Structure formats: C-alpha cells, structure tokens
Amino acid sequence: METPEFFETSPWIFGAPIELRPSLAGVARSDVVVIGGGFTGLSTALSLREAGVDVALVERDHCGAGASGRNAGHLTPTIGKDFPTLVKYVGQARAVEYARFADRSVHYTEEMIRKLGIDCEYRPVGNIITGLHPRHRGPLEKGAALAAKLGVNVSFLDETEVRRRHLPSHVRCGVLEQVGGHLHPGKYVLALRQAALDTGVRIFENSAVMRIEDSGSPVIVHTANGSISADKLVIATNAYTPVTLGRMRSKVFPVRVTLFRTPVLTEEQWQRLGWGGREGLYSAHEAMESYRPQADGRITGGSKWVQYGYGSTLTPGRLPEVFADWRALFRQRFPELPDVDIESFWGGWIGLTLDFLPVHQANKRGTVFHGIGFNGHGIAQGTYAGPMLADQVLGRPNPEVEMFQRRMIPLPPEPVRWLVVRGIASMLERIDRKVDADLAANH
C-alpha cells in the first residue's frame, strides 16, 4: 500500500486560488475589529456591514486556514454532547431551546448559502447518528423518543429502516437528524471571504495579533507591523483563543482531530457499498467516528482519536500511528470496499467546553465580544454566531445570546487540567475499545 499524503491544512484549501490580502501595516482605524477569518469572523463582518458598520478583519494566516477550512463538512443541528445528556444537565425546557437554536443555526447557514449563491456542494440529506453495537441501540432509541416527544426534528431508524436505506453494513440502527446535511467547507469559507471583501470589509491576512489593549477606549489591536484601533472588538478565534491570544483559558481548550479521504470510488464500488441517500454518518461512540460521501465520489471521515497538548498547546498533526489505526479501522467499517484505502490525511483543532455548549461573552464595558467554543459543530453554530455577535456590538437585544449566559465550571490550571482532560479521554476510550473489540471479534 502506498503511504497516504498528509496535508498541513486540508485538501479543501490546498491549491485554492487565494490572493492574500496585505498584512496590517502602520496605524489604522475602524468602527469594529474582528480577529479571526473563519466562519464566525466572516459572518460577523458581513452582518455588521449590512448595518453600515466599518469593519476590519485581522487574520494570522489566510481566511479559512483554521478549523473552518479543515473540518469534515457536516452541517448538523447537534448541540451538547447528546440530547439526553443535555436534558440531564439543563432540564427539558432549556434543552429544547438549545435544540431549536441548533436547528435555526442550520437554517441560517442554508439561507447564507442561498442568498450569496455559494456553490459549496451542499446536500441537504441530513446526518445519522449511527449505532454499531447492541449497546448503542437502547440509548439511541430512548434519546430519539425523548427528543421527538419534545418537538426536536429527529427520528429513530431501526434495523429494518437502516437496511431499507441501504446504509453501509456497519450501521445497525441510528437517529436521523432531519435538518442539515454536508458541504465542502473550503468552498464555503472562501466564498464568505469573497463576500466580505465585496461588501467592503477590510481584511488583513498574515497578521498575527501580538497584543490587545482593551482596558479603555478605543480598543487597540497590535500586530508585528502595525496596529488598528476601534470602538469594539470581536474575538472569533475559537480553539486558537487560549493559545494565540492567551484568553478564555478557563473556558475553552483545543483538541486536535484527524481527518481523511479516500480516492474517488468507481460506480461499481458505490453500488457495492449502497448508501444511496448519501447521508452524513457519525457514530454513537463516546469519541465519535464520522463518515460522509463527497460530491466527487470520495469518502471523507475522521475524529475518534483526539490529542490534547499540555498547556492547551496546538499539538502537531502528522501522527503515523493514528493514520495506521484509521487505515485498519476503515477496512473494518467498510468490508464492502476491500480494494479501497485511505489516500490522504489532515486535521485541525476544535474548541471544546466542559459542557459542550458555545461561549458568547462580553466584557463589562461592552467593548470586547467573544463567540467561540463550538465543540465540533462550527459550520452551523459558528456561522449563526455572526448575527448574534453583530447584535451585541450594536447594542441590540438578542434572546439567543442571553440563552448562553450561564455559570461555567472553570477549567483547572495545569497540570491538573492535563490530568482531567486525559482522565476523561481515557475513560471514554476504554468504553469505545470494549465496543470496538466486540465488533472486531464478530467481524
């Protein structure tokens, strides 16, 4: 077998015709400065421009170089760890509010795609939380029944329905999220970038932020070669926030996920596999596996084995042991495709919170606003954070911002944080290893 290719960013972005915007140099002024050129930063900038606000966006690399241009492409209404856990944590009424918020996030993103005429290979086919093992069935069925009873747009798929849909053979049962689907994240984020430029957003790329002065007014953002002052600042750097800006360390921490894609499958291989509805799939493991078809006929997948770096550092992504594990696992999950191997790997960092809910927080003076911590669901929730942040900047009431004002358990300092994160991860890995060992034994 050939050694798979490794992308430092992702195949979604690699080779894209990006003409970099100039770096920030000298002294500049703006009404609002946005730090971060991903889904959230670009969506916020677009929302502010619609209100006639002068916006400058500062990005350390190029727009889309972070998680927005690296993710697996699932546009999903998932929020929290899972719905039953969310109910236990916040109660039924608030859990339903969060679930409806997540649906609105998907619909807002779909409307953004339609309004801007973005060709990002979006397929509104839904996503399925898949049960692979008998122990997955009970929690999935009960969770789907509870969610459906409370008006959430999900439905349980039993073994008969799974076979009727001709899903891959490793799927035994599942929960269909009827809202959403999957898309090409690189095309989507770069289209948002172009739309922002077209509406007059000043974008400064290759402009890593070195220091922020926010003790008074105006706020001043410093880079290596310049500075920009503004009345308001929006921080939209998600997993990078505690690392590159030294902020929100007690609330958000980055973990590295690995993603892959196969070569283009032949028509005969697709017929062998089935999967006619082309839904996105992600498993009911404690640390999920995700799989989805691409528009060009490949399969993309990933997650499962994640890395946390001591001190919330950004861990490296070239992980030969993980790559080997994924190649072996792919053969187990897709026995219909013994002639298909993984062609390439990449990855990125997601911003996690202990309660698996996003963070929408402003400072006391109302000059600095954060929209971060999307827990792997940033295509929808990161995009929808744009109008939420714009309302905060403009002083407009927004009930969805209020929904996320909560008391958060702070992350402990190192080395306790590393021990806690590793302890939780080890516990979840043990559960999944037992499941996977049973599946391999019966393979």
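The values are calculated or read from the model by the stated rules, or taken from the named source; none is laboratory data. Every value quoted in this text rests on a predicted model; they were computed, and no experiment measured them. Cβ sites come from the backbone with ideal geometry, for glycine too, and all protein chains shown count toward neighbours. Calculation scope for accessible area: heavy atoms of the full protein, side chains included, ligands and nucleic acids excluded. Shrake-Rupley method; radii C 1.70, N 1.55, O 1.52, S 1.80 Å.
Could you say whether any residue in segment 120-135 is within 30 Å of A440 (Cβ to Cβ), at pLDDT below 95 and charged (D, E, K, R)?
yes
Please indicate, with yes or no, whether at least one residue in segment 407-421 is free of Cβ contacts under 8 Å to residues at least 60 places away in the same chain, of a type outside the set (K, R) and on the phi > 0 side of the Ramachandran plot.
Checked against the condition, which is being free of Cβ contacts under 8 Å to residues at least 60 places away in the same chain, of a type outside the set (K, R) and on the phi > 0 side of the Ramachandran plot, segment 407-421 yields no hits at all.
Considering R21, R60, which residue is of a type outside the set (V, I, T), open to solvent by 10 Å² or more (accessible area, probe 1.4 Å) and over 30 Å from F323 (Cβ atoms)?
R21
Please go through (1) surrounded by 23 or more Cβ atoms within 10 Å (Cβ to Cβ); (2) in contact with a strand residue (DSSP E or B) (Cβ under 8 Å, 6 or more places away or on another chain) for Y384 and return the number of the only condition it doesn't satisfy.
Checking Y384 against (1) surrounded by 23 or more Cβ atoms within 10 Å (Cβ to Cβ); (2) in contact with a strand residue (DSSP E or B) (Cβ under 8 Å, 6 or more places away or on another chain), the one that fails is (2).
Would you mind telling me which numbered condition in (1) surrounded by 17 or more Cβ atoms within 10 Å (Cβ to Cβ); (2) part of a loop (DSSP other than H, G, I, E, B); (3) out of contact with any helix residue (DSSP H, G or I) (no Cβ under 7 Å at 6 or more places or on another chain) T315 fails?
Against the list (1) surrounded by 17 or more Cβ atoms within 10 Å (Cβ to Cβ); (2) part of a loop (DSSP other than H, G, I, E, B); (3) out of contact with any helix residue (DSSP H, G or I) (no Cβ under 7 Å at 6 or more places or on another chain), T315 comes up short only on (1).
Let me confirm something: among R292, R278, which residue is touching a residue at least 12 places away in the same chain (Cβ under 8 Å) and out of contact with any Leu (no Cβ under 7 Å at 6 or more places or on another chain)?
The conditions single out R278.
Test L46 against the stated conditions and say whether it is open to solvent by less than 30 Å² (accessible area, probe 1.4 Å), part of a helix (DSSP H, G or I) and either at pLDDT 95 or above or on the phi > 0 side of the Ramachandran plot (or both).
yes
Tell me, which residue of segment 236-248 that is open to solvent by less than 20 Å² (accessible area, probe 1.4 Å) and hydrophobic (A, V, I, L, M, F, W, C) is farthest from V27 (Cα to Cα)?
Per the stated criteria, the residue is A239.
Could you check, for segment 264-271, whether at least one of its residues is open to solvent by 30 Å² or more (accessible area, probe 1.4 Å), aliphatic (A, V, I, L, M) and in contact with a Gly (Cβ under 8 Å, 6 or more places away or on another chain)?
For segment 264-271, residues open to solvent by 30 Å² or more (accessible area, probe 1.4 Å), aliphatic (A, V, I, L, M) and in contact with a Gly (Cβ under 8 Å, 6 or more places away or on another chain): present.
For segment 92-112, does any single residue satisfy the condition of being acidic (D, E), more than 17 Å from the chain's Cα centre (by Cα), open to solvent by 20 Å² or more (accessible area, probe 1.4 Å) and closer than 30 Å to D54 by Cα?
Within segment 92-112, one or more residues are acidic (D, E), more than 17 Å from the chain's Cα centre (by Cα), open to solvent by 20 Å² or more (accessible area, probe 1.4 Å) and closer than 30 Å to D54 by Cα.
Spot the failing condition for L419; the list is (1) in a helix (DSSP H, G or I); (2) open to solvent by 60 Å² or more (accessible area, probe 1.4 Å); (3) within 16 Å of G371 (Cβ to Cβ), and only one is missed.
(3)
Enumerate the strands (runs of 3 or more DSSP E) found wholly within segment 328-399, keeping only those where 3 or more residues are under 18 Å from V306 (Cβ atoms) and not small (G, A, S).
Qualifying strands (runs of 3 or more DSSP E): 344-352.
Looking only at segment 339-353, which residues are under 25 Å from I212 (Cβ atoms) and either touching an Asp or Glu at 6+ places or on another chain (Cβ under 8 Å) or open to solvent by 10 Å² or more (accessible area, probe 1.4 Å) (or both)?
Residues satisfying the conditions are W349, I350, L352.
In this structure, is G309 open to solvent by 10 Å² or more (accessible area, probe 1.4 Å), out of contact with any His (no Cβ under 6 Å at 6 or more places or on another chain) and more than 17 Å from R70 (Cα to Cα)?
Taking the combined requirement at face value, the residue does not satisfy it.
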